[in-house]
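Below is one structure, written out as structure tokens, with a few remarks after it.
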Amino acid sequence: MTSSTASTLHIIGSGFAALTAAKNLRKQQPQARIQLISPRDELVYYPSLIWLPSDLRKPSDLTVNLNNFFSRNQIEWVEASVTGVSAQGRSIQTSAGELHNDGLIIASGGRFIKKLPGIEHAFTPCEGIDPVMALSDRLTQLDGGTIAIGFGGNPKEPSAMRGGPMFEFLFGIDTLLRRQGRRDKFKIVFFNPAEEPGKRLGEKVPQKILKMMTDRGIEAKLGQKVMGFGSKQVQLANESFTADLILFMPGMTGPAWLANSDLPLSPGGMIQADEFTQVVDCPGTFVAGDSGSFPGPEWQPKQAHAADIQAKTAAINLSQYLNQKPAQTKIKHELICIVDTLDKGILIKRTDKGTLMLPPLRIMHYAKRVFEKLYLRQYR
Ligand SMILES: Cc1cc2nc3c(=O)[nH]c(=O)nc-3n(C[C@H](O)[C@H](O)[C@H](O)COP(=O)(O)OP(=O)(O)OC[C@H]3O[C@@H](n4cnc5c(N)ncnc54)[C@H](O)[C@@H]3O)c2cc1C
């Protein structure tokens with residue numbers, strides 16, 4: 001531990017958690033040298049990827065250059081990819097050389113487990129703008145056929161899945177095809193290994209989501225393990241079916257660079273944190289967002305909202321550490337999302353007190369658009 005005045009602090013990543021950490025760390029430590037290490041000086045706003053196929057958003061709308069944000073907050077951007085972390089976080093190996101720090105917040109996101117045979121035949125839309133643009137092109141080219149949409153999980157890290165966004169792609173594509181007057185030419189099939197997909201969002205959510213599927217003529221194949229894919233085939237444990245377009249999100253694990261690190265990992269391969277977001281047995285090293293595994297309620301999903309809460313917690317507790325005081329701020333567990341259908345949105349909020357789920361409302365679709373605008377404004 002060193003005096004905070006002369007501290008060099010590192011943040012890994014430039015996504016949701018990293019930028020919230022940077023902003024809050026600067027507030028807590030006005031004098032510190034803060035270096036943020038990431039391959040690109042931009043934020044990609046993932047929640048609006050769902051609006052690319054309908055042209056409601058263009059790729060350039062979802063990418064924010066961070067130079068203004070960095071200079072406003074006196075953050076030094078180090079253009080590099082992290083390849084390893086050692087000495088309990090005090091040393092970082094990067095593509096631009098080795099760096100040393102007095103404190104670290106890791107926020108380099110998760111990685112999708114692409115081990116299923118034939119996974120290359122499925123579009124993995126949550127990986128970013130390029131796969132979503134590719135699947136949009138494919139959808140435009142199709143005159144009709146079957147569209148299969150599903151997601152899997154990481155059995156050792158149950159929170160590491162992208163259920164909400166895949167429901168958004170499902171309902172969004174249904175709405176888009178209706179708008180285009182060609183829904184009758186397509187069969188849409190949702191597949192999931194769980195009997196009750198979406199339960200993490202709330203006890204009654206699966207039944208409401210399945211009813212929405214029935215109302216929209218979407219077939220659901222539930223409770224069967226996903227075995228793999230062919231060029232036009234989805235292979236489930238008890239059956240296989242033909243599909244002209246496959247969207248599948250596998251479960252997540254930790255970033256690849258962890259293989260070259262001495263950080264403690266959870267059974268699912270994420271960085272193991274305590275309730276203060278400190279990496280276990282690594283004083284002065286914290287983790288926030290999709291990279292981490294945090295103690296807490298089993299319903300807490302990995303989402304940007306949670307990443308922001310964890311990042312703020314990490315910044316406060318790192319500052320305490322630098323001031324030689326014990327961590328006091330614990331992670332607040334909360335799920336808030338709007339599951340968008342392209343014309344409506346379903347607000348879901350879950351805390352320890354229970355779940356609030358509103359029916360699909362037009363105003364919630366607009367609320368999600370307004371939230372995006374306000375969220376991105378802080379980084380422009
Ligand atoms: C389609 C979609 C819709 C979503 N909708 C919502 C929603 O409505 N609400 C919600 O709360 N959440 C939503 N999410 C989830 C949310 O986007 C993620 O939980 C969030 O992005 C996690 O933030 P993060 O900072 O941990 O990781 P990321 O946002 O993935 O950021 C990781 C950062 O680390 C950088 N990085 C990666 N590797 C390295 C390396 N080796 N060295 C240095 N830097 C590295 C990356 O470039 C990136 O800047 C959605 C996700 C998707 C895909």
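The values are calculated or read from the model by the stated rules, or taken from the named source; none is laboratory data. Keep in mind it's a predicted model, so treat the numbers as computed, not measured. When we count neighbours, we look across all protein chains shown, and the Cβ atoms used for this are built from the backbone with ideal geometry, even at glycine.
Looking only at residues of region 128-139 that are surrounded by fewer than 16 Cβ atoms within 10 Å (Cβ to Cβ) and free of Cβ contacts under 8 Å to residues at least 40 places away in the same chain, we find that the one that is farthest from the chain's Cα centre (by Cα) is 137.
For (1) surrounded by fewer than 17 Cβ atoms within 10 Å (Cβ to Cβ); (2) more than 24 Å from the chain's Cα centre (by Cα), each residue gets a yes or a no:
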residue	(1), (2)
145	yes, yes
160	no, no
165	no, no
169	no, no
179	yes, yes
190	no, no
196	yes, no
201	no, no
206	no, no
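Which condition does residue 364 not pass, out of (1) buried (at least 18 other Cβ atoms within 10 Å of the Cβ); (2) within 18 Å of the chain's Cα centre (by Cα); (3) within 28 Å of residue 63 (Cα to Cα), if it passes all the others? Of everything listed in (1) buried (at least 18 other Cβ atoms within 10 Å of the Cβ); (2) within 18 Å of the chain's Cα centre (by Cα); (3) within 28 Å of residue 63 (Cα to Cα), residue 364 misses just condition (2).
Can you find even one residue in region 228-245 that is buried (at least 23 other Cβ atoms within 10 Å of the Cβ), within 16 Å of the ligand (Cβ to nearest atom) and under 18 Å from residue 114 (Cα atoms)? Within region 228-245 (the criterion being buried (at least 23 other Cβ atoms within 10 Å of the Cβ), within 16 Å of the ligand (Cβ to nearest atom) and under 18 Å from residue 114 (Cα atoms)), the answer is no, since none of the residues qualifies. In region 356-377, is there at least one residue being part of a strand (DSSP E or B), over 18 Å from residue 20 (Cβ atoms), of a type outside the set (S, T, N, Q) and modelled with pLDDT under 95? Yes, region 356-377 contains at least one residue that is part of a strand (DSSP E or B), over 18 Å from residue 20 (Cβ atoms), of a type outside the set (S, T, N, Q) and modelled with pLDDT under 95. The residues of region 7-63 that are under 19 Å from the mean Cα position of the chain (by Cα), under 21 Å from residue 322 (Cα atoms) and of a type in the set (S, T, N, Q) amount to a single one, 20.
Of the residues making up region 79-90, those that are near the ligand (Cβ under 9 Å from one of its atoms), surrounded by fewer than 18 Cβ atoms within 10 Å (Cβ to Cβ) and not in a loop (DSSP other than H, G, I, E, B) number 1.
Of the residues in region 132-149, not one is closer than 30 Å to residue 324 by Cα, in contact with a helix residue (DSSP H, G or I) (Cβ under 8 Å, 6 or more places away or on another chain) and either more than 13 Å from the ligand (Cβ to nearest atom) or not in a loop (DSSP other than H, G, I, E, B) (or both). Is at least one residue of region 161-170 touching a Ser or Thr at 6+ places or on another chain (Cβ under 6 Å), closer than 12 Å to residue 249 by Cβ and either part of a loop (DSSP other than H, G, I, E, B) or within 13 Å of the ligand (Cβ to nearest atom) (or both)? No, the conditions are met nowhere in region 161-170.
What about residue 71, is it closer than 19 Å to residue 287 by Cα, surrounded by fewer than 16 Cβ atoms within 10 Å (Cβ to Cβ) and more than 10 Å from the ligand (Cβ to nearest atom)? No: the conditions fail for residue 71.
All of 290, 352, 308, 343 fail the test of being surrounded by 15 or more Cβ atoms within 10 Å (Cβ to Cβ) and more than 15 Å from the ligand (Cβ to nearest atom), apart from 343. When each of 265, 236, 258 is tested for being closer than 30 Å to residue 135 by Cα and among the hydrophobic types (A, V, I, L, M, F, W, C), the lone residue that passes is 236. Considering 263, 322, 318, the condition of being within 23 Å of residue 19 (Cβ to Cβ), touching a Cys at 6+ places or on another chain (Cβ under 8 Å) and away from the ligand (no atom under 12 Å from the Cβ) is satisfied by 263 alone. Across region 96-131, the qualifying residues are those that are among the charged types (D, E, K, R) and in a strand (DSSP E or B), and the one among them that is nearest to the ligand (Cβ to nearest atom) is 111.
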